[in-house]
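Visitor: Below is one structure. I have some questions about it.
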Amino acid sequence: MIAKVEPLTPARALRGPFDYRLEGELEGVGVGSMLVVPFGRRRLLGVVVGVAEESELPPERLAEPLAALEADVPKALVALGLWVAREYVSTPARGLALVLPPGTGTGAARPLVPRRSLRAALTPVGEAALGGAERLGTRQRAALEELRGGALGAAELGRRAGSDHSTLRSLERRGLLRLENALEPPRRPRLRSVGARSAPGEPTSDQAAALAAIEARLDASPGSGPPLLLHGVTGSGKTEVYLRAVAAALERGHSAIVLVPEIALTPQTAGRFVERFGDAVAVMHSRLSQRERYDEWWRMRRGEARVCVGPRSAVFAPFGDLGLIVVDEEHDGSYKQEGDPRYDARSVAERRALSEGALLVAGSATPRPESVARYERIELPRRVDGRGLPPVELVGMLGASGPFHEETRRALDAVRRRGEKAIVLLNRRGWSNFVSCRECGRVWECPNCDVTLVLHRAAAEVACHHCGHSERVPRACPDCNSVSVARHGAGTEQLERELEELVAPLPVFRLDADSAASDGVEAVLRGFEEAPAAVLVGTQMVAKGHDFPDVTLGVVLDADATLRFPDFRAEERTFALVAQLAGRSGRGPRGGRVIVQALDPAVRALTLAARHDAEAFLEGELERRAALGYPPHGHLVRVVCSSAEEGPELAAAAALRERIAAADVPVLGPAPLFRRQARHRAQLVVRTPRRAEAIAAVREAVEAVAADRAYAAAAFAVDVDPQ
Ligand code: ADP
Ligand code: ZN
Ligand code: ZN
């Protein structure tokens, strides 16, 4: 037998698969097995991607693998990893690394192996000895007594009965107990939840109808329809539908995957799954240690865990009998991976569901136009408690001074007087946007990126949000020595201070990347939850799916800031941000309201969000996209060329452009991008309805140009379906 092995090396140039001869002990090897193989003078870890009777190479030129690892990957996942590699213009090794046990990857580090430890179990002879006349020492008797309740680890037994290793060995020799090297029970990560507890109760009639539709599809033959889109307003009880859908999949003997945006941000959702399914759930949390991830992976691989809840990488959970994939908050940008391979977990989920005969259910209050156009929609048009969505007021900020509109001030003051809770969103962290010299106009910029530095007052520094560069807050201008430094624009840090004055004595909690890094998201959310009255201020992190029943006011500041970026998703993002924040307000008996501040409150995305009119928004958005050839009516591929010196990035982009255009694929650019992390950048954009052709043309062009020494100074990053 011949195994076709793809070596897990980060080198782009080394492309398998390579043939190895299988003999003797390794005969059981098949697609998905992991092998250690000789490669030249090196040893590499590889994945079997195919088996064959014969090789094109003569037998004497074929090497044999050195060893097989205990871990193996379901066959379907090998195909999925290779698909990701092709679809996102990456390498097979990087695609496969996604589906392997955690810690195996393409790096040089040694892969983790399961931990084994000694376990002792009572034998029938031992059982009889306890009741009979057998001579037993006190320690020996104590050890056997302890084992009556079931097998125990040697260490635990030692603690309980005071027995040591030699006691156990001698009992084993007499046949009174059995010792074996067993897999250590895996470490289980703990999840603490924040926010309202789930109330299993009876499903509402909308929920029941949604479930019936899902169950009908679980019972239908695989692939008998498009994926389902659960379009439910905020607070309509989508999570309860997911929970019951997962239960339905389990009842039918299948495993299920539940993708959630970021568990650290919304521990509540993942917590509900643990509450409902207990140990059958594996939670892939970003703060797990490598060892914990590895143990969870094995629990899934062995079928002990049948549900995987986690962020985008959970789409690669090692189930062989997958029946359902849920994508919660399907509009969330975090489903896109930023590093190579730049995969989109939503598209991978669709692919995996299709090829493994599983059902895909995506859900959101603000679904993507792409999903609305392509999936079959199920609606939850009402909140579970029958309360309406909160009224949203738009206020214009043109000519206003200070961060708050008069209306907002009054509303916040009412929250203070009545002792209620409010959430304030400003999608800009730090204290001030930028600082400048009042005398000569110098603006403090990042030395590595062509952007201004943001003032962070608590840390007493100005920092770059693109590369992490930071400097002390300037006391004087290095150009003209003036000590008069102006600060422009407000960020969350400054807003926190302003709010503290406005709503005193209510406590103000801040949630953004800075406070999350210092205090932890959970601590901030918990503080806000436990306070009887308080204000939570922060970036879009505050608009995620939190479920706090006692929030009566939501405020969005500078809501049209997103629209000032040249991005075809700007409208969608703006609409979603307002609708999602509105979803956090008025979930309790006191009701709630929302105020949205904008420079131009008359823009479409805002007026429709204020009316909660997702339907009209989606319809208009799909029309606009059809006219412009944007997704789902066209596909985008972005290629960014970069180099340390100025020049090579543009030359490389021009060479790429020529090749892509020669393949008859429409391409725009090169357009220069702002310098980032000390690299000059230029980008090309392909926009076409012919997806496969475009991806193939880009792949060929990048491979050719990257291999050409004339462009050695340039690096390439390909992004299919950029966000
Ligand atoms: P969504 O995800 O749609 O915003 P959630 O799933 O967070 O909504 O549900 C909102 C609240 O309603 C939660 O506190 C949840 O426990 C509760 N809930 C869900 N379904 C029901 C039901 N059938 N009866 C009573 N309460 C429910
Ligand atoms: Zn100056
Ligand atoms: Zn920078």
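Visitor: Are any residues in the range 444-458 within 16 Å of ligand 3 (Cβ to nearest atom), over 19 Å from Leu673 (Cα atoms) and out of contact with any Leu (no Cβ under 9 Å at 6 or more places or on another chain), and if so, which ones?
Guide: Hits for the range 444-458 are Val454, Leu455, His456.
Visitor: Among the residues of the range 429-442, how many are among the hydrophobic types (A, V, I, L, M, F, W, C) and either more than 10 Å from ligand 2 (Cβ to nearest atom) or touching a Gly at 6+ places or on another chain (Cβ under 8 Å) (or both)?
Guide: The qualifying residues number 3.
Visitor: Related question: Within 27 Å of Leu354 (Cα to Cα), surrounded by fewer than 21 Cβ atoms within 10 Å (Cβ to Cβ) and touching a residue at least 60 places away in the same chain (Cβ under 8 Å): does that describe His231?
Guide: So His231 fails the test.
Visitor: Here are some residues: Val415, Val395, Val503. Which one is of a type in the set (A, V, I, L, M, F, W, C), away from ligand 3 (no atom under 16 Å from the Cβ) and farther than 27 Å from Gly527 by Cβ?
Guide: Among Val415, Val395, Val503, only Val395 is of a type in the set (A, V, I, L, M, F, W, C), away from ligand 3 (no atom under 16 Å from the Cβ) and farther than 27 Å from Gly527 by Cβ.
Visitor: If you check Ala663, Ala682, which single one turns out to be over 19 Å from Glu87 (Cβ atoms) and in contact with an Asp or Glu (Cβ under 8 Å, 6 or more places away or on another chain)?
Guide: It is Ala682.
Visitor: Cβ contacts < 8 Å: first residue under 21 Å from Ala422 (Cα atoms) and modelled with pLDDT of 85 or more, restricted to the range 551-565; second residue in a loop (DSSP other than H, G, I, E, B) and basic (Lys, Arg), any location; separation 6+ or different chain. Result?
Guide: Val551/Arg587; Thr552/Arg590; Asp558/Arg428
Visitor: Next question. Considering only the range 334-411, give the strands (runs of 3 or more DSSP E) lying wholly within it that have at least 2 residues that are more than 25 Å from Ala559 (Cα to Cα).
Guide: Result: 359-364, 376-380.
Visitor: Now a separate question. Would you be able to say whether some residue in the range 497-510 is within 29 Å of Pro672 (Cβ to Cβ), away from ligand 1 (no atom under 16 Å from the Cβ) and either touching a strand residue (DSSP E or B) at 6+ places or on another chain (Cβ under 7 Å) or among the aliphatic types (A, V, I, L, M) (or both)?
Guide: no
Visitor: Assuming Ala616 fulfils every condition listed in (1) within 30 Å of the chain's Cα centre (by Cα); (2) buried (at least 17 other Cβ atoms within 10 Å of the Cβ) apart from one, which condition is it?
Guide: For Ala616, the failing item is (2).
Visitor: Please find, among Val281, Val326, the residue that is more than 16 Å from ligand 2 (Cβ to nearest atom), of a type in the set (A, V, I, L, M), in contact with a helix residue (DSSP H, G or I) (Cβ under 8 Å, 6 or more places away or on another chain) and in contact (Cβ under 8 Å) with a residue 40 or more places away in the chain.
Guide: Val326
Visitor: Shifting gears a bit: Pairs please, first residue from the range 668-686 and farther than 24 Å from Ala696 by Cα and within 13 Å of ligand 3 (Cβ to nearest atom), second anywhere and part of a loop (DSSP other than H, G, I, E, B) and of a type in the set (S, T, N, Q), Cβ atoms under 8 Å, 6+ apart in sequence or on different chains.
Guide: Arg675/Asn448; Arg676/Asn448; Gln677/Asn448; Ala678/Asn448
Visitor: Name the single residue, out of those in the range 566-595 being free of Cβ contacts under 8 Å to residues at least 60 places away in the same chain and out of contact with any helix residue (DSSP H, G or I) (no Cβ under 6 Å at 6 or more places or on another chain), that is surrounded by the fewest Cβ atoms within 10 Å (Cβ to Cβ).
Guide: Pro566
Visitor: If I ask for residues that are surrounded by fewer than 16 Cβ atoms within 10 Å (Cβ to Cβ) and either at pLDDT below 85 or away from ligand 2 (no atom under 16 Å from the Cβ) (or both), which ones from the range 443-456 would you list?
Guide: Within the range 443-456, Pro447, Asp450 qualify.
Visitor: Can you confirm whether the range 111-126 contains a residue that is in a helix (DSSP H, G or I), modelled with pLDDT under 90 and surrounded by 13 or more Cβ atoms within 10 Å (Cβ to Cβ)?
Guide: Looking for residues that are in a helix (DSSP H, G or I), modelled with pLDDT under 90 and surrounded by 13 or more Cβ atoms within 10 Å (Cβ to Cβ), one finds at least one in the range 111-126, hence yes.
Visitor: Name the pairs: first residue in the range 202-215 and within 10 Å of Arg382 (Cβ to Cβ), second residue more than 9 Å from ligand 1 (Cβ to nearest atom) and part of a loop (DSSP other than H, G, I, E, B), Cβ to Cβ under 8 Å, at least 6 apart or on different chains?
Guide: Sorted first by the residue in the range 202-215, then by its partner, the pairs are Thr204/Arg382; Asp206/Pro381; Asp206/Arg382.
Visitor: Within the range 18-63, how many residues are touching a residue at least 60 places away in the same chain (Cβ under 8 Å) and part of a loop (DSSP other than H, G, I, E, B)?
Guide: Number of matching residues: 1.
Visitor: Also: Quick one: which strands (runs of 3 or more DSSP E) lie wholly within the range 219-329 and hold at least 1 residues that are in contact with a strand residue (DSSP E or B) (Cβ under 6 Å, 6 or more places away or on another chain) and more than 16 Å from ligand 1 (Cβ to nearest atom)?
Guide: 255-259, 281-283, 307-310, 322-327
Visitor: Cβ-Cβ below 9 Å, separation at least six or inter-chain, first residue in the range 468-494 and within 16 Å of Val451 (Cβ to Cβ) and part of a loop (DSSP other than H, G, I, E, B), second small (Gly, Ala, Ser) and more than 16 Å from ligand 2 (Cβ to nearest atom): which pairs?
Guide: Close Cβ pairs satisfying both conditions: His469/Ala463; Gly489/Ser432; Gly491/Gly430; Gly491/Ser432.
The values are calculated or read from the model by the stated rules, or taken from the named source; none is laboratory data. Remember, it's a predicted structure, so these values are computed and weren't measured experimentally. Because the Cβ atoms are built from the backbone with ideal geometry, glycine has one as well, and the counts that use them run over all protein chains shown.
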